[in-house]
Every structure is written in C-alpha cells, then in structure tokens.
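Notes follow the structure.
The values are calculated or read from the model by the stated rules, or taken from the named source; none is laboratory data. It should be emphasised that the depicted structure is a prediction, and the values quoted were computed from it without experimental measurement. Quick reminder, even Gly has a Cβ in these numbers, built from the backbone with ideal geometry, and neighbours come from all protein chains shown. Each accessible area value is taken on the protein alone, full model and side chains, heavy atoms only, with ligands, DNA and RNA left out. Shrake-Rupley method; radii C 1.70, N 1.55, O 1.52, S 1.80 Å.
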Amino acid sequence: MRTVRVYSRAGEGNSPAAKNFQVKEFACSDGSDAVFIDPKLLEVLQAIRDHFAVPVTVNSAYRTPSKNAAVGGAKKSQHLYGAAADITVRGVAPAAVAAFAETLLPHTGGIGIYSTFTHIDVREQKARWKD
Ligand SMILES: [Zn+2]
C-alpha cells in the first residue's frame, strides 16, 4: 500500500522530489501550497528521465479539485491524487514516451497519448487512451 506524500511548495519547492525533479514542478498551477505526489509516480518519471537521458518537463501534475474542474478534468482524475503527470520529453514523440512507459507499467497505470504530451498515472487498474 502506497501513501501519497504531501509537500509544501513554500518550504520544499526547490527540493528534489526525485533525482531530476523538484517539488515545485508538481505543484498545482493555482498557486496553492500543498503538493501531493505519489512516490510511484516519481519512480516512473525518473525511469523515463534515465532511459531517454534528456530533460523531462512536467506540464501538469497535482491539481486541486477547483483547478481540475476549471480545466475540465475528469471527476476522478488521477491528477487530483498526485498520481498523474502530463509530461514532455525533449525530442521524443508522445507515442515513443508512451511505448517506454508501457514497459514500466505493463499491467497497471494510465497512459494517454496526446499531440504534444504524454499523460502518465500510477492507478492500480490499467487504462490506455489516445486523444
Ligand atoms: Zn493528465
């Protein structure tokens, strides 16, 4: 059983959440202080960073309920639980990022392919989609 960790953007924003990721990269864009990050998500993102050996940009990770509603996110979006990230890997197509993520999450997790980014989440069930 995993426990989602709650960080403070003010206190820990510049601290590493994983080797190549700072806490503030996962913060909600509405400016709220609490930053929820699932440790399993960090493992997966770091594995992606290590595999491609280029910068990984987190476009959107944790979202507060109000922010999620504002962006039209799903009611039970994994972003609400700090378990999802929309990422861009420099020079790598979203489908190629998804293909590698598939090797990390063969039986679980959500992987969504969009035109400019890849959604990755670490839910228990398996979900795959293409926008
Ligand atoms: Zn997403």
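Of note:
- The set of residues from segment 112-131 being more than 23 Å from Val35 (Cβ to Cβ) and part of a strand (DSSP E or B) comprises Ile113, Lys126, Ala127, Arg128, Trp129, Lys130.
- A search for C-beta distances below 6 Å between a residue of segment 67-89 that is open to solvent by 60 Å² or more (accessible area, probe 1.4 Å) and any residue that is part of a helix (DSSP H, G or I) and β-branched (Val, Ile, Thr), counting only pairs 6+ apart in sequence or on different chains, returns nothing.
- Those residues of segment 87-107 which are within 16 Å of the ligand (Cβ to nearest atom) and either in contact with a helix residue (DSSP H, G or I) (Cβ under 8 Å, 6 or more places away or on another chain) or β-branched (Val, Ile, Thr) (or both), in sequence order: Ile87, Thr88, Val89, Val97, Ala101, Leu105
- Residues in segment 1-41 that are small (Gly, Ala, Ser), within 24 Å of Gly109 (Cβ to Cβ) and open to solvent by 70 Å² or more (accessible area, probe 1.4 Å): 1 in all.
- Residues that are of a type outside the set (Gly, Ala, Ser), out of contact with any Lys or Arg (no Cβ under 7 Å at 6 or more places or on another chain) and within 16 Å of the ligand (Cβ to nearest atom) are absent from segment 27-35 altogether.
- Search result, residues across segment 1-32 that are outside any loop (DSSP other than H, G, I, E, B) and within 16 Å of the chain's Cα centre (by Cα): Arg5, Val6, Tyr7, Pro16, Ala17, Ala18, Phe21, Gln22, Val23, Lys24, Glu25, Phe26
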